[in-house]
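Derivation of every value follows stated rules applied to the coordinates shown; laboratory data play no part. Since the model is a prediction, treat every value here as computed from it, not as a measurement. As a convention, Cβ positions derive from the backbone with ideal geometry for all residues, glycine included, and neighbour counts pool all protein chains shown.
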Amino acid sequence: MSQDSSASIRERLRALAQPLVDTVDQRLKGQLDERVDRRVDAAVSDRLTVIERAVADLDRAVRELQERLDQR
């Protein structure tokens, strides 16, 4: 087999396999994107919960201080 025919066969195989490779690549990217999104959402949700608690604690403390000042 000559180099030209080997190159031609390789190119044909690549052309035939490319749609399959593209499909698999898209599916993998989609799965990875979903996993990353879920992890990011969970991390952000956890942090927001902590922040919300801290804000509620600060709000309570400010109200208590305000009540003490009003009593004077």
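Neighbours of L32, meaning other residues whose beta-carbon lies under 12 angstrom from its beta-carbon, give a summed charge of +1 when Lys and Arg score +1 and Asp and Glu score -1. Using θ = phi - 60° in the Karplus curve 6.51 cos²θ - 1.76 cosθ + 1.60, the 3J(HN,Hα) couplings for segment 57-72 round to 4, 5, 4, 4, 5, 5, 4, 4, 5, 5, 5, 4, 5, 5, 6, 6 Hz; x is entered for Gly and Pro. Each Lys and Arg adds +1 at its Cβ and each Asp and Glu adds -1 at its Cβ; summed about the Cα centre, the chain shows a dipole of about 180 debye. For segment 49-55, backbone phi angles converted through the Karplus equation (6.51, -1.76, 1.60; θ = phi - 60°) give residue-by-residue couplings of 4, 4, 5, 4, 4, 4, 5 Hz, Gly and Pro being listed as x.
The Stokes-Einstein estimate for the chain, based on a Kirkwood radius over Cα pairs and taken at 25 °C with 0.890 mPa s viscosity, is a diffusion coefficient of 136 µm²/s. Report the calculated FRET efficiency for V40 and L20 (r = Cβ-Cβ distance, R0 = 30 Å), to the nearest 0.05. Between V40 and L20 the formula returns 0.50. Residue by residue, segment 12-18 carries 3J(HN,Hα) couplings of 5, 4, 4, 4, 6, 7, 4 Hz when phi is fed to the Karplus relation 6.51 cos²θ - 1.76 cosθ + 1.60 (θ = phi - 60°); x denotes Gly or Pro. All other residues with a Cβ under 13 Å from the Cβ of V62 taken together, and with Lys, Arg as +1 and Asp, Glu as -1, what is their net charge? Net charge around V62: -2.
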